[in-house]
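> Structure in structure tokens, see below.
The values are calculated or read from the model by the stated rules, or taken from the named source; none is laboratory data. Small disclaimer: the values here were computed from a predicted structure and weren't measured. Don't worry about glycine lacking a Cβ; one is built from the backbone with ideal geometry, like all the others, and counts go over all protein chains shown. Calculation scope for accessible area: heavy atoms of the full protein, side chains included, ligands and nucleic acids excluded. Shrake-Rupley method; radii C 1.70, N 1.55, O 1.52, S 1.80 Å.
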Amino acid sequence: MSPAPVPLNQLPQWDALRAHREALGDTRLRELFDADPERGERFALQVGDLYVDYSRHLVTDETLRLLLDLVHARGVLALRDAMFHGEPINSTEGRAVLHVALRSQPGDVIQVDGENVVLAVHEVLRRMTRFSERVRSGEWTGHTGRRIRTVVNIGIGGSDLGPAMAYQALRAYSDRNLDVRFVSNVDGADLQEKTRDLDPAETLFIVASKTFTTVETITNATSARRWLLDGLGGDESAVAKHFVAVSTNAEEVSAFGIDPANMFEFWDWVGGRYSFTSAIGLSLMTAIGPEAFHEMLAGFHAMDTHFRSAPPATNLPLLLGMLGVWYGGFFDAQSHAVLPYSQYLEQFPAYLQQLDMESNGKSVDREGRPVPVRTGPVVWGTPGTNGQHAYFQLLHQGTGSVPADLIGFAQPVDDPYDQHDLLMANMFAQGQALAFGKTAEQVAAEGVPPELVPHRTFPGNRPTTTILGRKLTPRTLGELVALYEHKVFVQGAVWNINSFDQWGVELGKVLAKRIEPQLRPGAAEAPQDLDSSTRTLVQRYRTARGR
Ligand SMILES: O=P(O)(O)OC[C@H]1O[C@H](O)[C@H](O)[C@@H](O)[C@@H]1O
């Protein structure tokens, strides 16, 4: 076994960054731009369909050099290669981490336990293709012979957020005669609202769950089954035409009553939040068609290849990952905003919340020692321009600094009312205002009364990355998502945390299981050994529920 790595803040490369940060002091972005007229072009990369401007960051060439020194000192590239080779880098669960195999080329070879997983990946993709074509063409009919008009994906977390986000993002490429809906919350209102206008005879449920034991999903799937049977006269044989499953767990799928012939498989080396290029994307493939789905996979693959082979200095995920390490480590940045200037990307920040926060929301390292620096930030955001009229106030003039990603596209998917230029002007303007602000002198020169000058001054120096895609297509979406996946990987590697487990979600599940029986009618008094807050809440709830 190799020795445990030195804690991050004891590395000479970290010290060098700390000293460099002190030397930078209160350097303004304005000064950095004045000192280098080419900065806006120089601090930018084009990868695939994405042009990424990182010039509005509080970094110099020296910063980037020092950050790359840290990448090398931390063995980030070796860990990356280990991931691509199928080594069990998910150390707490003893598993490989191979979402990259999901978008591999048919001839590739990636071995897990002596088996080339690429073959299995492509076999499932072929089955998904056949199935989605049958549904789209109307060849797959429901129990009464009617064609399927609505597909309802029942899943949660990684079995919901990816396909839901991508369906929304690629709506314009979807078959508009087929509606796809997503039910995730155990709140029965979710299922009810999503099915109330549906005809069971024309509805197909995809139950998506890696483990097939997730309580929300099994509860919703059980209720959906009831809804279907009630609507179709109770004939159990209807289930086979209206329920398919996506899972790694064939046993639980058949215990639920879904024929394994209607199950689409994936594998334990695919993490839930990295799974929507697996069969978890079945609802998406049904919506946009196999061809567009494969285009998306090609976009993912292109970014995977870039991450794997581009030199560190021009490696985009590496760069964006290290910028996050820089702000967390030396600017105490606690959150990171993702602001898509695209309504189609409305759910992208929510998707990234799981990807980033479930991966890197950890405070012990791979050896179980406390991590001595700030790890994953709170990720949040909503589409521009809506946010501009809400929380951008804080981004511009609040006390802390929130690094942000501005994401937009040069060509609109469609622009029936000629509004795209206005949308994008806003994106460029916000990045400009956040970076350069407006000084007190500039404000005063406009004749603003002295007492209002501080209120109307913009400090600037608020860092942003601008991602300008050519156009939002399946391929571009693939590139974009893979970029963030690998960015998260880089950060986890530097912090020496395992980005691929999620033990932190377990405790609440166990406690909920214990509490639920106490809420039911006829339950005994809440136990005395329960903490007084929970006990009182349970009692209040029972009283208010009339129990
Ligand atoms: O796909 P499933 O097994 O149903 O899991 C769904 C989700 O729930 C879990 O609690 C994890 O926090 C997520 O990482 C996972 O994506």
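> If we sort 201-211, 397-407, 512-522 on the protection proxy, mean other Cβ atoms within 10 Å, highest first, what's the order?
Most protected by this proxy first, the peptides run 201-211, 397-407, 512-522.
> Length gain on complete extension for the stretch Glu291 to Glu93, per 0.36 nm per residue less the alpha carbon to alpha carbon distance?
Numbers: separation 198, 0.36 × 198 = 71.28 nm, distance 3.48 nm.
Here the answer is 67.8 nm.
> Given a cut-off of 32 Å, name the pairs among Lys241/Lys487; Lys210/Lys487; Lys194/Lys487 whose C-alpha atoms lie farther apart than that in the structure shown.
Correct reply: Lys241/Lys487; Lys194/Lys487.
> On the principal axes of its Cα set, how long, how wide and how thick is the range 444-486? Give whole Å, largest value first.
52, 21, 11
> Working from the alpha-carbon coordinates of the range 295-420, get Rg over Rh, Rh being the Kirkwood radius.
On the way: Rg = 16.9 Å, Rh = 16.8 Å.
Taking Rh as the inverse mean 1/r over Cα pairs, Rg/Rh reads 1.01.
> Helix 532-544 versus the longest principal axis of the chain: what is the Cα-based angle in degrees, 0 to 90, to the nearest 10?
Once rounded, the angle reads 50 degrees.
> Continuing with this model, one more query. Taking just the C-alpha trace of the range 111-293, give me its Rg and Dmax in Å.
Rg and Dmax of the range 111-293, Cα atoms, are 15.2, 49 Å.
> Now a separate question. In square nanometres, what is the average projected area of the Cα convex hull of the range 503-545?
Its Cα hull, projected and averaged over all orientations, spans 3.3 nm².
> Suppose we keep just the DSSP beta bridges with both residues in the range 111-293; what percent of those would be antiparallel, to 5?
Percent antiparallel among DSSP bridges in the range 111-293 is about 15.
> Shifting gears a bit: Extension gain Asp175-Gln419, at 0.36 nm per residue separation less the Cα-Cα distance, in nm?
Contour length minus Cα-Cα distance gives 85.4 nm.
> Quick check: residue separation of Val373 and Ala310 times 0.36 nm, minus the Cα distance between them. What number comes out in nm?
19.9 nm
> Distance between the C-alpha centers of the range 429-461 and the range 18-43? Whole Å please.
What the calculation gives is 20 Å, centre to centre.
> Once the cut-off is 17 Å, how many percent of the Cα-Cα pairs in the range 378-483 end up in the long-distance tail?
Considering the range 378-483, 61 percent of its Cα-Cα pairs are separated by more than 17 Å.
> I'd like the Karplus ³J(HN,Hα) series for the range 324-329: coefficients 6.51, -1.76, 1.60, θ = phi - 60°, whole numbers in Hz, and an x wherever there's a Gly or Pro.
Working through the residues one at a time gives x, 4, 4, 6, x, x Hz.
> Using a Debye calculation, one point per C-alpha and no hydration shell, please list log10 I(q)/I(0) for the chain at q = 0.06, 0.07, 0.09, 0.13 Å⁻¹ in order.
-0.34, -0.46, -0.74, -1.35
> While we're here: Whole number in Å², please: accessible area per residue of the chain, 1.4 Å probe, ligands, DNA and RNA not counted.
Values: 23990 Å² over 547 residues.
Per residue, the chain has 44 Å² of solvent-accessible surface.
> With every protein chain present, what accessible area does Glu346 have (1.4 Å probe, heavy atoms only), rounded to the nearest 10 Å²?
The accessible area of Glu346 comes to roughly 90 Å².
> Can I ask one more? Just read off the accessible area of Met424 with the full protein assembly in place, 1.4 Å probe, to the nearest 10 Å².
Number for this one is 10 Å².
> Taking 7 Å along the Cα-to-C-beta vector as the label spot, tell me the Glu123-Thr141 distance in nanometres, rounded to one decimal.
Placing both labels 7 Å beyond Cα along the Cβ direction yields 3.2 nm.
> Roughly how many nanometres apart are two label points built 7 Å out from the Cα toward the Cβ at Gln343 and Val109?
In this crude label model, Gln343 to Val109 measures out at 5.1 nm.
> Same structure again: Given a 1.4 angstrom probe, I'd like the percentage of the accessible area of the chain that is carbon and sulfur, rounded to a whole number.
The nonpolar share, carbon plus sulfur, comes to 52 percent.
> Same structure again: Hey, rough spin-label estimate for Leu24 and Arg196, points 7 angstrom out along Cα→Cβ, what's it come to in nanometres?
The modelled label-to-label distance comes out at 5.1 nm.
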